[in-house]
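> For reference, the structure I am asking about is given below.
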Amino acid sequence: MKESFHTKKKTLMKKYKKSTWLCGALFIYVTAMAIYLVPRNHAISEMERYVTIAVSYVIVLLLWLVLRQKEKLAEKRRREMEEWKNDSEHSNN
């Protein structure tokens, strides 16, 4: 009974990964700034504008990759701790 309640609660309250929501927000921000500011900025050359936008997207991509790797390592550590805890409980009994 407890497990079914826990799984129902988990499906109702799905937690979004930090790599998803943070990088999504930054992607939207960079896109909005590019659409709004690039046509209005005449102080730099056109090539510089597009290079700046491209570098911004690359930074968001790299952040996404780093955060995903961090999340995977955290999940792996969590699983290993659960296994270690289960093994220690079985060896004590």
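Laboratory data are not the source of any read-out in this text; all were calculated from the coordinates shown. Since the model is a prediction, treat every value here as computed from it, not as a measurement. Here Cβ is always computed from backbone atoms with ideal geometry, including for glycine, and neighbour counts include all displayed protein chains.
> State to the nearest 20 debye the size of the charge dipole of region 18-92 about its Cα centre, where the only charges are +1 on K and R beta carbons and -1 on D and E beta carbons.
Roughly 160 debye for region 18-92.
> Can you list the HN-Hα couplings for region 63-72, worked out from phi with the Karplus curve (6.51, -1.76, 1.60; θ = phi - 60°), rounded to whole Hz and with x for Gly and Pro?
4, 4, 5, 5, 5, 5, 4, 4, 5, 5
> Here's something else I'd like to know. Work out the charge dipole of region 18-92 with +1 on the Cβ of Lys and Arg and -1 on the Cβ of Asp and Glu about the Cα centre, then indicate which of Ile59, Tyr29, Trp84 is farthest towards its positive end.
Tyr29
> Net charge near Arg79, counting Lys/Arg +1 and Asp/Glu -1 over other residues with Cβ under 11 Å of its Cβ?
+1
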